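Input: a single structure, listed below in structure tokens.
The values are calculated or read from the model by the stated rules, or taken from the named source; none is laboratory data. Because the structure is predicted, anything quoted here is derived from the model rather than measured. Ideal geometry is used to build each Cβ from the backbone, glycine not excepted, and the neighbour counts take in all protein chains shown. Only protein heavy atoms, including side chains, enter the accessible area calculation; ligands, DNA and RNA are left aside. Shrake-Rupley method; radii C 1.70, N 1.55, O 1.52, S 1.80 Å.
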Amino acid sequence: MADEGEKSLAFHEMGLDDRLLKAIASQGWRHPTLIQERSIPLALEGKDLLARARTGSGKTAAFVIPIIQRILDGKQAAKEQAVKALVLTPAKELCSQAYKNCVALSSCCSREVRCLDISGSADITSQRPMLMEKPDVVIGTPSRVLAHIQGGNLELKNSLEMLVIDEADLVFSFGYEKDIKTLLGHLPKIYQAFLMSATLSEDVQALKKLILHNPVTLKLEESQLPEADRLTQYHIKCEESDKFLLIYTLLKLRLVRGKTILFVNSIDRCYRLKLFLEQFSIPACVLNSELPVSSRCHIVDQFNQGLYNLVIATDESALDAEDSSMKDKTGKAKKKAKRFKKKKDKEYGVSRGIDFQFVSNVINFDFPAQVEAYIHRVGRTARGDSQGTALSLISAQELSLLQQAEDVLSEDADNPVIKPYRFKMEEIEGFRYRAKDALRSVTKTSVREARLKEIRSEILNSEKLKSYFEDNPRDLQVLRHDKALAASRVKPHMKNVPEYLMPPSMKSNSSVITKRPQHFQGGRREQKRHKKRKEDPLRSFKYRKEES
Ligand code: AMP
């Protein structure tokens, strides 16, 4: 086993095909990321790799680039079309992301290199004809790939040259151990393999033994999160009930600017927050494991295109917590848990791996129960070479969780990484009545109705997405996921902030608040601005920041 220490190279020094270099350039990538610098040359030498790389490090391209290069290299000698590479990921969204990377990086050689994502919710038999064409790269979850092999739709034993398992540390915990072991029996004896993983956990070590032969291990010396000059982390300690007041004012006063992911710890809470914000005409999409996979992918796509500014999401650790809290409760709650659990998708993963682009802020409306989840959530911002801010709202019950995160992330106890954001709550006192009033109308029944309404409409959307929108990609824009869910009408006066409620220090800014802010229109302009704006997106907080 070797370790890293190889010389770093630019893309054009890696001996890559011109078509691949052109596609890389068209992505706007000027230099390889650390993981790409290290892994691409080794992969091109034919080495097996075990790479630990943090989320957002560019690890997808780190395996996609050598795959495409090797396929191009082999094309001239190839006698017949065959599946050469198999990419396994534990979640459908991750498959879709790997697929998009593959398509983008093979855009200048799309005749020579064809990829297929078989993870979606489409029927197995409907995917058979596409597999019969033997795409060069097949991407899927282990169970879906195995189903195709066992159904006689996919044959890998005689052709496969490369195997990738992405987010390898999640593969066993997502319940794929048996599938992987069975699947290995259908692969040839010799192939090159890559394991990409955020951690080198015991599960990954087990996979390593199963899959890799004499691998090079890349334990990149990266911190778990981007450095402080790129990622600013804050917390605000508050009463649980003040979280709603805070988020309303932060958003309405545009103290939080740019694309934002709001993380909550349960699906009900997603809808509670959405219904609450709706009353102030603050549109948001919800993203959770209950929604059909095509809707989820579509929401992420549209968010990345700049159509939405605000997504309220749960992550998989939160769902586990929700399940267990539901289990602890009464028989009625148990029934409810069973009903909703049935619909949840075990292959769902929002905080892990999914490539949300140009995210200015991650806000932990609820603090995650595990430090790992904090890292993954916060890692959604400050990706590539951009800047970002993370803000956590901390209730008294969450103080110990914040401390746990600090213990892991801070090297110096006197200099915490997650800085307190002190500002004067009394400045927003005037908003309390409105927030309370709005929250009062978000009842358990309205949350439940919204949850069911959303699933129903997204199932319909999902059907539409599958057929019509495949043929009419331009019309995709028409289908929005941030429509209001409340049964009752939103009171128009709640949309605006009257002058008398404005914090004194912000009065000069008041004209912008009643208008739909420009960045809420999203799109390329915001994305460009985000790239250009090398400053703290929560900068407006400065207006009342106290010295700590
Ligand atoms: P990943 O870690 O694969 O999810 O990638 C995270 C993000 O980094 C994606 O949005 C990629 O488009 C972007 N990315 C990948 N490689 C590079 C690169 N060499 N330069 C800049 N951005 C990159």
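A compact table of results
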item	result
Cα coordinate range in segment 11-219, projected on the principal axes (Å, largest first)	42, 39, 30
More than 20 angstrom apart: percent of Cα pairs within segment 89-200	39 percent
Normalised alpha carbon radius of gyration of segment 211-283 [divisor 2.2 N^0.38 Å]	1.69
Positive-end extreme of charge dipole, segment 11-219 - chosen from Leu86, Pro129, Leu218 (charges on Cβ)	Leu218
Accessible-area ranking of Arg377, Arg383, largest first, probe 1.4 Å	Arg383, Arg377
Exceeding the 18 Å Cα-Cα cut-off - candidates Lys75/Lys189; Lys189/Lys219; Lys79/Lys134; Lys424/Lys491; Lys100/Lys189; Lys178/Lys219	Lys75/Lys189; Lys189/Lys219; Lys424/Lys491; Lys100/Lys189; Lys178/Lys219
Largest to smallest accessible area among Thr232, Thr260, Thr445 [probe 1.4 Å]	Thr445, Thr232, Thr260
Binned Cα-Cα distances of segment 38-136, short to long, each 5 Å bin given as a whole percent	2, 11, 21, 24, 21, 12, 6, 2, 0
Amide proton proximity set for His235, modelled H, under 5 Å, gap of 5+	Ser392, Lys419, Tyr421
Amide hydrogen neighbours beyond the local backbone of Thr217, cut-off 5 Å, H modeled	Ala2, Leu50
Under-5 Å amide H pairs with Leu262, H placed in peptide plane, nonlocal only	Val311, Ile312, Ala313, Ile363
